[in-house]
Amino acid sequence: MEITSVGGARTGAMETRGPWMVERNFDPHFSTNNMYKDLSNAMKLADGCGAVLPTAALSLEMLRAARAQGDGEKTPAWC
């Protein structure tokens with residue numbers, strides 16, 4: 001932590017995730033809402049390129065269902 005928190009080695013990722021690593025806390029810390037947003041954007045890009053991503057489409061539907069059940073702020077259990 002000391003080395004990666006100063007100078008050119010300093011990154012925002014280490015500032016937020018470094019303490020979790022030291023504590024050996026490897027939970028995803030990434031909400032269903034964030035996953036849905038990112039995967040929606042990826043699917044739009046893929047569609048624009050004509051790519052078909054059936055597994056990603058299924059994952060997006062699973063995330064959509066979790067959000068509809070009010071679990072948007074939770075990390076999906078399948079992560």
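Going by the conditions given, is THR4 open to solvent by less than 80 Å² (accessible area, probe 1.4 Å), assigned to a loop (DSSP other than H, G, I, E, B), hydroxyl-bearing (Ser, Thr, Tyr) and in contact (Cβ under 8 Å) with a residue 12 or more places away in the chain?
no
Run down LEU60, LEU45 and say which single residue is out of contact with any strand residue (DSSP E or B) (no Cβ under 8 Å at 6 or more places or on another chain) and open to solvent by less than 90 Å² (accessible area, probe 1.4 Å).
Only one candidate passes the filter, namely LEU60.
All but one of (1) in a loop (DSSP other than H, G, I, E, B); (2) closer than 30 Å to SER5 by Cβ hold for ASP71; state the number of the condition that does not hold.
With (1) in a loop (DSSP other than H, G, I, E, B); (2) closer than 30 Å to SER5 by Cβ applied to ASP71, the lone miss is (2).
Every residue in segment 7-29 that is open to solvent by 50 Å² or more (accessible area, probe 1.4 Å), free of Cβ contacts under 8 Å to residues at least 12 places away in the same chain and part of a loop (DSSP other than H, G, I, E, B), please.
Residues satisfying the conditions are ARG10, THR11, GLU23, ARG24, PHE26.
Return yes or no: is THR32 of a type in the set (Val, Ile, Thr), in contact (Cβ under 8 Å) with a residue 24 or more places away in the chain, in contact with a helix residue (DSSP H, G or I) (Cβ under 6 Å, 6 or more places away or on another chain) and open to solvent by less than 80 Å² (accessible area, probe 1.4 Å)?
Yes.
Scanning segment 63-76 for residues that are touching a residue at least 40 places away in the same chain (Cβ under 8 Å) and of a type outside the set (Asp, Glu), which turns out most open to solvent (accessible area, probe 1.4 Å)?
Only one residue fits best here, namely LYS74.
For segment 30-53, which residues satisfy the criterion of being within 13 Å of the chain's Cα centre (by Cα) and assigned to a helix (DSSP H, G or I)?
Scanning segment 30-53 gives THR32, ASN33, ASN34, MET35, TYR36, LYS37, ASP38, LEU39, SER40, ASN41, ALA42.
The values are calculated or read from the model by the stated rules, or taken from the named source; none is laboratory data. Because the structure is predicted, anything quoted here is derived from the model rather than measured. Positions of Cβ are backbone-derived with ideal geometry, glycine not excepted, and every protein chain shown enters the neighbour counts. Just the protein is used for accessible areas: all its heavy atoms, side chains included, with ligands, DNA and RNA removed. Shrake-Rupley method; radii C 1.70, N 1.55, O 1.52, S 1.80 Å.
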